[in-house]
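Inspection log for the structure reproduced underneath, given as structure tokens.
The values are calculated or read from the model by the stated rules, or taken from the named source; none is laboratory data. Small disclaimer: the values here were computed from a predicted structure and weren't measured. So basically every Cβ, Gly included, is an ideal-geometry build from the backbone, and we count neighbours across all protein chains shown.
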Amino acid sequence: MYKIAKLNKISPVGLARLTDDYQITENVDEANGILVRSADMLSMEFSDDLMAVARAGAGVNNIPLERCAQKGIVVFNTPGANANAVKELVICGMLMAMRNVPAGIEWAKGLAPNDEMDVAKQVEKGKSKYAGHEIYGKTLGVVGLGAIGRKIAEACSALGMDIVGYDPFVTECEGVKVYTDLKEMLAEADIVTLHLPANDATKKMINADVISAMKDGVLLLNFSRDKLVNEDDLLAALESGKVSQYVCDFPNDHMVGKPGVILTPHLGASSAEAEDNCAEMAVKEIRDYFEDGNIINSVNFAKLDMGQRTGCRVALMVKDMENPVAEVMDLLSAAKAPVTKCMASQSKFGPAYVLAELSEACDVEINDPKVMSVRVLK
Ligand code: MLT
């Protein structure tokens, strides 16, 4: 029986995918698996029973990936599962800003008939203040061409926009003019949208220097993470008019109430459909790892896919091994386990995970200081 703890509300559609071999626990210290959305796990202590964390979403900046890997805890995310939801909100944010919708709504909310004019007359007289621009024919710059960035590029192209893009790991993307230089791409874009993970390499990457490469009056959309932006530099750019508006899904103390800033309360992935998709995918990943030994969509261990298990497998978490497959094969041979196939998944943070298929089920006992854990799957 595996115990699963939830650190956030997780869609029941996903939880329904857990079989009778799983039990939900309120006690995180006894959990073998954790399902999480944006709960902050950075300072959490992890018990020796914890084997996996699955983030129902894309961003993993709330999880200590390195510390988890060092304890042999595999962290998964659900790339693409909420991409459509984010795409739709980005387009909504773009249209809201371009057409001055939030300001127009605020104005309309305060209207009341007076002695001279009824509300309809006031609307026709005052509405020109809120006239905006269309997105048709404008150039959209997509920074980050993963699942979300690509979907946005495709949808915005269908709405008549020209799409330019930049991603350090992508050289080609259908319908997108991909640049190898971020600043050259930014110089082409009327609207820029960010779709990158928040990590040490991307922290505050949108700074005064990068903003200076953008077109004057650019609209900047950030549905990724606030950490990507140097907010002091951005506020200065909003004040000078270099950036016309900033639409961001991550309100914080620094940005709330600032002129030119439109904030939504982290709603990008908050659609019923995306919550179901992410929870289903997160549960599938945990089950695949626990039951078959496969690692698919991990952010701290390399992919290892041996397919569905038909017989017995042994899963080992190991450390300090130069050639994990060879060393584990030796250990399994000494333990008289009949291995037919053996694969390894290296973590960039040190430990490795090794999965071996056996021709017949047997118990495996290994006592070696380099072996952190052994699981027999049968
Ligand atoms: C994501 O990173 O995919 C979203 O922030 C997910 C969420 O809202 O939980």
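Taken over the range 331-366, the criterion of being part of a loop (DSSP other than H, G, I, E, B) and in contact with a Lys or Arg (Cβ under 7 Å, 6 or more places away or on another chain) is satisfied by 350, 351, 361. Pairing residues of the range 5-31 that are over 18 Å from residue 63 (Cα atoms) with residues that are away from the ligand (no atom under 16 Å from the Cβ) and assigned to a helix (DSSP H, G or I), at Cβ distances under 7 Å and at least 6 apart in sequence or on separate chains, gives 17/284. Taking residue 152, is it out of contact with any Ser or Thr (no Cβ under 7 Å at 6 or more places or on another chain), within 23 Å of residue 182 (Cα to Cα) and either among the aliphatic types (A, V, I, L, M) or surrounded by 21 or more Cβ atoms within 10 Å (Cβ to Cβ) (or both)? For residue 152, the condition - out of contact with any Ser or Thr (no Cβ under 7 Å at 6 or more places or on another chain), within 23 Å of residue 182 (Cα to Cα) and either among the aliphatic types (A, V, I, L, M) or surrounded by 21 or more Cβ atoms within 10 Å (Cβ to Cβ) (or both) - is not met.
With respect to the conditions (1) surrounded by fewer than 20 Cβ atoms within 10 Å (Cβ to Cβ); (2) farther than 15 Å from residue 376 by Cα, residue 298 falls short on a single one, namely (1).
Within the range 259-273, identify whether any single residue is among the acidic types (Asp, Glu), over 17 Å from residue 186 (Cβ atoms) and not assigned by TED's automatic domain parsing to the domain that holds residue 146, and answer yes or no. Yes, there is a match, as at least one residue in the range 259-273 is among the acidic types (Asp, Glu), over 17 Å from residue 186 (Cβ atoms) and not assigned by TED's automatic domain parsing to the domain that holds residue 146. In the range 262-300, of all residues being of a type in the set (S, T, N, Q) and over 18 Å from residue 224 (Cβ atoms), the one that is nearest to the ligand (Cβ to nearest atom) corresponds to 277.
Here the range 325-378 is the region considered, the condition is being among the hydroxyl-bearing types (Ser, Thr, Tyr) and in contact with a Ser or Thr (Cβ under 6 Å, 6 or more places away or on another chain), and the residue that is farthest from residue 308 (Cα to Cα) is 353.
Applying the criterion of at least 1 residues that are surrounded by fewer than 22 Cβ atoms within 10 Å (Cβ to Cβ) and hydroxyl-bearing (Ser, Thr, Tyr) to the strands (runs of 3 or more DSSP E) found wholly in the range 1-71 leaves 2-6, 22-24. Of all residues in the range 227-283, those satisfying the criterion of being closer than 19 Å to residue 77 by Cβ and in contact with a strand residue (DSSP E or B) (Cβ under 9 Å, 6 or more places away or on another chain) are 228, 249, 250, 278, 279, 281, 282, 283. Taking the range 207-241 as the range and being more than 16 Å from the ligand (Cβ to nearest atom) and either in contact with a helix residue (DSSP H, G or I) (Cβ under 6 Å, 6 or more places away or on another chain) or modelled with pLDDT under 95 (or both) as the test, the residues that pass are 207, 208, 211, 213, 214, 219, 233, 237. Number of residues in the range 61-94 that are away from the ligand (no atom under 13 Å from the Cβ) and not aliphatic (A, V, I, L, M): the value is 10.
Do we have any residue at all in the range 79-90 that's in contact with a strand residue (DSSP E or B) (Cβ under 8 Å, 6 or more places away or on another chain) and part of a loop (DSSP other than H, G, I, E, B)? No, because not a single residue in the range 79-90 is in contact with a strand residue (DSSP E or B) (Cβ under 8 Å, 6 or more places away or on another chain) and part of a loop (DSSP other than H, G, I, E, B).
Consider the range 24-60 and keep the residues that are more than 16 Å from the ligand (Cβ to nearest atom) and among the small types (Gly, Ala, Ser). The one that is nearest to residue 345 (Cα to Cα) is 52.
Of the residues making up the range 271-296, those that are of a type in the set (S, T, N, Q) and either at pLDDT below 95 or closer than 20 Å to residue 16 by Cβ (or both) number 2.
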